[in-house]
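Below: the structure, in structure tokens.
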Amino acid sequence: MVRMIELNPSHIKDVPPPARILPVLGKVKETYLLWHSYNKDLPKSQKHSFGLRIDSLFVEIIEAIAAASFLTKEEKRPYVRFAMKKVDALKILVMILWESKSLDDKKYIALSVKLDEIGRNLGGWNGQLTKQTAPQTVPT
């Protein structure tokens, strides 16, 4: 059996391939990894309800942003707006976990700050796309 390293010696297992993703997608990924570390400590009832839904919202956001990154300017907006809606839903679910004492203050703040930043980034992207795709009016 031939090992991958023998086929391509440049594949060193300690060095990950360079990541070339949109900055906002990197922030979503980073926030998901933080959430994933918190999800393990949730009470079982919350983990299997809110925890699963929050996981799926993160996946939907990642999919929407990744898809938008490959589309034309005109086609991007619905995906960016979809991601914005999902981030808003995510914020509310995280707030409910905090209010129900399933998530402590420190964890809630850490997640909320990151989710707010993602929301601002998506809002800025959406605004930029709106300006770029708006029909140009000629002053009369």
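The values are calculated or read from the model by the stated rules, or taken from the named source; none is laboratory data. Please read these numbers as outputs of a predicted model, since none were measured by experiment. A quick note on method: Cβ atoms are made from the backbone with ideal geometry, for glycine too, and the neighbour counts reach across all protein chains shown.
The set of residues in segment 60-85 being crowded, with 17+ Cβ neighbours inside 10 Å and of a type in the set (A, V, I, L, M) consists of 61, 62, 64, 65, 68, 80, 83, 84.
Filtering segment 86-110 to residues that are over 12 Å from the mean Cα position of the chain (by Cα) and either within 12 Å of residue 34 (Cβ to Cβ) or buried (at least 19 other Cβ atoms within 10 Å of the Cβ) (or both) leaves 94, 97, 102, 103, 106, 107, 108, 109, 110. In the set (1) part of a helix (DSSP H, G or I); (2) at pLDDT below 95; (3) of a type in the set (Asp, Glu), residue 41 fails one condition alone, (1). Taking segment 18-38 as the range and being over 11 Å from the mean Cα position of the chain (by Cα) and outside any helix (DSSP H, G or I) as the test, the residues that pass are 18, 19, 20, 21.
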